[in-house]
Amino acid sequence: MSLPGPIDPPARLLMGPGPITAHPRVLQAMSAQLVGQYDPYMTAAMGEVQELYRGVFDTANAHTLLVDATARGAIEAALVSLVSPGDRVLVPIMGRFGHLLAEIAGRCGAEVHTVEAPWGEVVPLEAIAAAMERARPRVLAVVHGDTSTTMMQPFDGLRELCDRYDCLLYADVTATLGGNPFPVDAWGVDAATAGLQKCLGGPSGSAPATFSPRAVEVIEGRRSIEAGIREAGDPATAHPIRSNYFDLAMIFDYWGPRRLNHHTEATTMLYGARECARLVLEEGLGHYQGRHALHGEAMAAGLEGMGLRVYGDPAHKMANVVAVEIPEEVDGEAVRSALLADFGIEIGTSFGPLAGRVWRIGTMGWNARKDAVLTTLAALEAVLRYQGYGVPAGGGVDAAYDAYAGAGVAA
Ligand SMILES: Cc1ncc(COP(=O)(O)O)c(C=O)c1O
């Protein structure tokens, strides 16, 4: 085998549904040298990360930390730690990631109930209420922004429903945290998990997560410390949480004063996650979210200005990613390939019933920027025209310019 060269990726502007181009400051933080797992610098940095993510999640939850995994891993950690085999879990489904929650809950041994909305819509509160009455779940597991359809499920009324049925409220905020309001405490959410590679502007591989005292009580009730690190007085139950790696009771002890040696914290990912949160809070959470709304609206306006149709219920669109219908006469994959090959710009398609029917274009994290929006629109227009699909010359960029002007941002 000939030795491959050093990593030298091509220049890309990642304008898909995530991962997106990482902020240079995040990459810089991730190039810092390692320290030992229990070095005072490391444990202090873990504490700082906890405090920073309390700011990002808008919560006072003591149990706010990173799960060393991609976002899917944090979903598994939350569900496997909260759900005991046989528990009923209700999942509203409006896209691919609702199916994922149901799948993971099922693998945790839950009796899974679902309530579905057609793709492109959200699940009405009344439908969730009726399903709660039928299922009487222990956990209501909700995707906040389902990236597959770009729809954002409203949380109004969910806490009240959970209180009525004595149920925990879990949210997957992988695709929305930072770019859309999600105040964990104000909305009464018991557990929420995210990822870095969307609005937070980092790479995948570390998953910020937060747990309310109510959720912590359930998890602590299942505590079982593995042999080898177990000390006198530590519980060891016959029915521990079904995953060792994602056992949040042990992970809490690792992040807490006990510093239980559960796993080796992913130091470089922690440096990156810390910088992501610093970027959000330095800008201000409200401003950071507002920037996503501004550039997301400009992108959607630009696509419509090109004569394309935005997919889904506009009243429930995520701020940071837009799905646009691929015109019938256009080869969607040929357009995506040309954008990548000729302009270095990546956009996404979708999954399941939407595969090949929509493109998904993100404006998030570092790429929620005017130049990234205008460049993407200009390139998409050029590719569409060159491939023979007539779009009004300059229509996309003009409409985005108008959107910025309407929002008071100088063109
Ligand atoms: C809403 C949502 N949940 C979960 C995931 C899974 O994230 P990861 O690929 O980081 O495991 C994604 C990824 O796109 C997502 O958009």
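Here is how the numbers come out for the structure above:
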read-out: Under the Karplus curve 6.51 cos²θ - 1.76 cosθ + 1.60, θ = phi - 60°, whole-Hz ³J(HN,Hα) for the stretch 325-331, x wherever Gly or Pro sits; value: 5, 7, x, 4, 7, 9, 8
read-out: Calculated SAXS-style log₁₀ I(q)/I(0) at q = 0.12, 0.20, 0.24 Å⁻¹ - the stretch 147-221, Debye, Cα scatterers; value: -0.36, -0.91, -1.16
read-out: Bridge type composition, the chain - antiparallel percent by DSSP, nearest 5; value: 50 percent
read-out: Residue 242-residue 393 FRET efficiency (beta carbon distance; Förster radius 56 Å; 0.05 resolution); value: 0.45
read-out: Size of electric dipole in the stretch 235-312: Cβ of Lys, Arg +1 and of Asp, Glu -1, about Cα centre, debye, nearest 20; value: 200 debye
read-out: At q = 0.10, 0.12 Å⁻¹, base-10 log of I(q)/I(0) for the chain (Debye sum, equal scatterers on each alpha carbon); value: -0.69, -0.97
read-out: Cysteines in the chain lacking a second Cys C-beta under 4.7 Å; value: 108, 199, 276
read-out: Residue among 32, 264, 307 farthest towards the positive dipole end of the chain, charges placed on Cβ; value: 264
read-out: For the chain, size of Cβ-based charge dipole, Lys and Arg +1, Asp and Glu -1, in debye; value: 380 debye
read-out: Dipole of the stretch 109-225 [Lys/Arg +1, Asp/Glu -1 at C-beta], most positive-end residue of 161, 197, 177; value: 197
read-out: Binned Cα-Cα distance frequencies in the stretch 291-336 - 10 Å width, integer %; value: 26, 52, 21, 1
read-out: Theoretical ellipticity at 222 nm over the chain - DSSP helices of four or more residues, -39500 (n - 2.57) apiece, nearest 500; value: -12500 deg cm²/dmol
read-out: Cα-based Rg / Dmax (Å) for the stretch 284-406; value: 13.7, 44
read-out: Sorted by Cβ density within 10 Å, fewest first, the residues 39, 253; value: 39, 253
read-out: Fewest-first sequence of 376, 267, 174 by Cβ atoms within 10 Å of each Cβ; value: 267, 376, 174
read-out: For 361, 20, 128, order by how many other beta-carbon atoms lie within 10 Å, fewest first; value: 128, 361, 20
read-out: Label point 7 Å beyond Cα of residue 259 along Cβ direction - residues of the stretch 35-75 with amide nitrogen under 12 Å; value: 36-47
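The numbers here are math on the coordinates, done by the rules we state, and not lab data. All values derive from a computational prediction rather than experimental measurement. Here Cβ is always computed from backbone atoms with ideal geometry, including for glycine, and neighbour counts include all displayed protein chains.
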